[in-house]
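Right, one structure below, let's go through it.
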Amino acid sequence: MRFHVYPHLSGHSKKMSYRNYGKLDDPVRTEGDVAFRGLNTFMEAESLEPGFVQKAENIRMDGDSASVRLGWDFLAATASGPLNAFSYSASDDEVFTSGKYSDPDDNNLDWLVLVTKTKVILWNEDTPNGLTVNYVSGQTVTTAQTPTVVQAFSKVYIMRLGQRPLEWDGDITATGTVVDSEFGMLSASSPGAGLDAFPSTDYALYTCNRLVGFQPPTVATSTTSKTGAQIIVASELLGTGIKSSESEFYLNLGSADWAVAAISYIESQLIVFLRHSVHCLTNLHATSISAHYEITREYGCIARRSIAQSGAQTYFLSDAGVMIMTPQSDPGKGMGIVVSKVQGEAVPLSRPIQNKILDVNEDYAHLSAGIVHDGRYYLSYASGTESDTTPRNVAVYDILLGAWVSIDRYPDGIYGWVTMPYGSNPMRSRLFATMPKGFYLMEENLGLDDSGREIGDNSQSGTTAIAGALKTRNYSLGNLSVKRWNRGQLGVNVVASDAIAVAVNTVDPDTSTAVLSYTASGTEEALLRFGAHARGFSANVEITTSAGSPSFRHVSIDGTENALGARLEVA
């Protein structure tokens, strides 16, 4: 601080001028982030740890950098074959559900399964024109039947609510692009002595060599004639018949609850998700000694397709947010005793982005879909703020970083996910997104999403530039004073035509100033400097992109403390 003494004024009552740090004396301090580690929209932006940002849209964080995600590539149209012959129309000829068929007989190929009204379309990289598997005469699949696809006993089943399951033998021998065998209707008669037929349900899975599904709540059970019950049924080993006396499991009987989905777990266990509770069945390899355990009634599962696993961790969407089930040790040993229990966490995994997850449009929350791929959990959902009717937002949780890293936005809603080999490396699975209009290969194109595409239409070529956005935490230099923010810098990796804009935003007073617009002329590691010239208690750097997929290495901003730009008059 500078001050002036005037000896010749001694003894006089004279106001003297004192000055705060001036431009030559005020110390300049720098704050920033040398790496990007995650997204947190829940806490105050001044409280975030270094490396965390308050906004990340269409971003991936890999190592220490943050990059604009790659775009998706529409693959559901070719010059010939069923993909070209198919004509999309809403609620009639559309993809009602999807799945994967792993063919054990033909080079161990994986096939993408697309269920439509009158047929199934099979697709993989080796057969880009696709194959058609027809349904037997008179059979159809509709969206009202909420169908699911399950592979069991080397066969493929389409489960339909209120209609018998459709069954296909998995033989892809075809005449042209039409498979010789068809999806036939599973018989409703008893498959053997003492056995009941598998129910007309819309959900099943294959585990422990059994087909496991839900008894429809409107249909009375075989042994007790109960309706409105939450019941799991398990077929006999390697078959579809049910021995009701041993393989009906009642869950939350008499409660206002209903079955949503299930997923297999270690040691012949099954985690069963109801709408308001979660349960566990043990010893499914021998249903006569199976036991039922309740895990929690604090929350259940909103969306059937949101459930995904990574090792022993199980992720799913609930009313409380994204929850995770984790294994818990049990010293008990012996037949019928749970050895590795599962327990639900009390704090949602989505807490750092809870305001975003709770923005799910409740009317369409059941359409949310999740999957674990390449060390990340992807969850699509319909945004209430955006008035979405389809799951166009995707929240991305990086398991390796232990943090959420982005909220993505896509031109179309994602109803399902499938992973299967694609590309030059046959050992590497790629991620596909499916929806009523077709399917896309994820994270493929630099800076562009295919858009406006429909299955069977080769004439479409629309693309949408990916709008990347990254807003840093609020920098305050560690104190509560108002600062003058002077200049900053941004480290980027770019290729030609990447377009970046930078703004500096301050808090108290609240301002937003565009400080930089940059378009790359070639491939380089650039250090972009910008002036700020703004006052505020704290400041953040906001980066947006309008072209390309640039990568951001680090960011910093310089500030001067106590720079109120005012003079203090003292008597």
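Every read-out reported here was derived from the displayed coordinates using simple, explicitly stated rules and does not represent laboratory data. The structure presented is a predicted model; accordingly, all values stated were derived computationally and were not measured. Note: ideal-geometry Cβ built from the backbone for every residue, glycine included; neighbour counts use all protein chains shown.
Rounded to the nearest 20 debye, the dipole magnitude of the stretch 422-570 is 360 debye, with +1 charges on Lys and Arg beta carbons, -1 on Asp and Glu beta carbons, and the Cα centre as origin. Considering only alpha-carbon pairs that sit under 8 angstrom and 6 or more positions apart, the relative contact order computed for the stretch 481-571 is 46 percent. Alpha carbon centre of the stretch 400-450 versus the stretch 131-186: separation in Å? Here the answer is 26 Å between Cα centres.
Taking amide H atoms as placed 1.01 Å from N in the peptide plane, the amide H of GLY468 lies under 5 Å from those of THR545, each 5 or more residues away in sequence or on another chain. With neighbour counts taken as other beta-carbon atoms within 10 Å, the residues ARG535, ARG29 rank, fewest first, as ARG29, ARG535. For the chain, adding -39500 (n - 2.57) for each run of n ≥ 4 DSSP H residues and dividing by the number of residues yields -500 deg cm²/dmol at 222 nm.
Label-to-label distance for ASP126 and VAL178 is 2.4 nm, based on points extended 7 Å past Cα in the beta-carbon direction. Magnitude of the charge dipole for the chain, about its Cα centre and with charges confined to Cβ atoms of Lys, Arg (+1) and Asp, Glu (-1), is about 2000 debye.
With R₀ set to 56 Å, the beta-carbon distance separating GLU443 from SER190 gives a calculated FRET efficiency near 0.70. The equivalent ellipsoid that matches the C-alpha gyration tensor of the chain spans semi-axes of 56, 29, 18 angstrom, in descending order. Taking amide H as placed 1.01 Å from N in the peptide plane, the amide H of THR463 sits under 5 Å from that of SER451, each at least 5 places away or on another chain. Pairs of Cα atoms nearer than 8 Å and 6+ residues apart set the relative contact order; for the stretch 357-436 it is 23 percent.
Does the stretch 292-414 classify as rounded, prolate or oblate by the C-alpha gyration tensor (a ≥ b ≥ c root eigenvalues; a/c under 1.5 gives rounded; else a/b over b/c gives prolate, otherwise oblate)? Because a/c hits 1.5 or more and a/b exceeds b/c, the stretch 292-414 counts as prolate. With a Förster radius of 60 Å applied to the beta-carbon distance between LEU480 and ASP62, the computed FRET efficiency rounds to 0.95. Projecting the Cα atoms of SER235, GLY311, ALA259 onto the charge dipole of the stretch 225-329 (Cβ charges, centred on the Cα centre) puts ALA259 farthest toward the positive pole. Hydrodynamic analysis of the stretch 34-75 uses the Kirkwood radius over alpha carbon pairs. Inserted into Stokes-Einstein at 37 °C and 0.692 mPa s, it gives a translational diffusion coefficient of 286 µm²/s.
Between LEU527 and SER546, the modelled label-to-label distance comes to 2.8 nm, taking each label 7 Å out from Cα in the direction of the beta carbon.
Charges were assigned to the Cβ only: +1 to each Lys and Arg, -1 to each Asp and Glu. The resulting dipole of the stretch 357-436 about its Cα centre is roughly 420 debye.
Exposure proxy ranking for SER549, SER255, based on other Cβ atoms within 10 angstrom of each Cβ and starting from the fewest, stands as SER255, SER549.
Legend: residue pairs LYS117/LYS437; LYS119/LYS155; LYS356/LYS471; LYS100/LYS243, Cα-Cα distance threshold 19 Å; pairs beyond threshold, LYS100/LYS243. With a Förster radius of 25 Å applied to the beta-carbon distance between SER264 and ARG428, the computed FRET efficiency rounds to 0.55. Sorted ascending by nearby beta carbons within 10 Å, beginning with the fewest, ASP510, ASP374, ASP408 become ASP510, ASP374, ASP408.
Cα-based values for the stretch 357-436, radius of gyration first and Dmax second, are 13.3, 41 Å. Relative contact order, whole percent, for the chain stands at 17, derived from Cα pairs under 8 Å and 6 or more residues apart.
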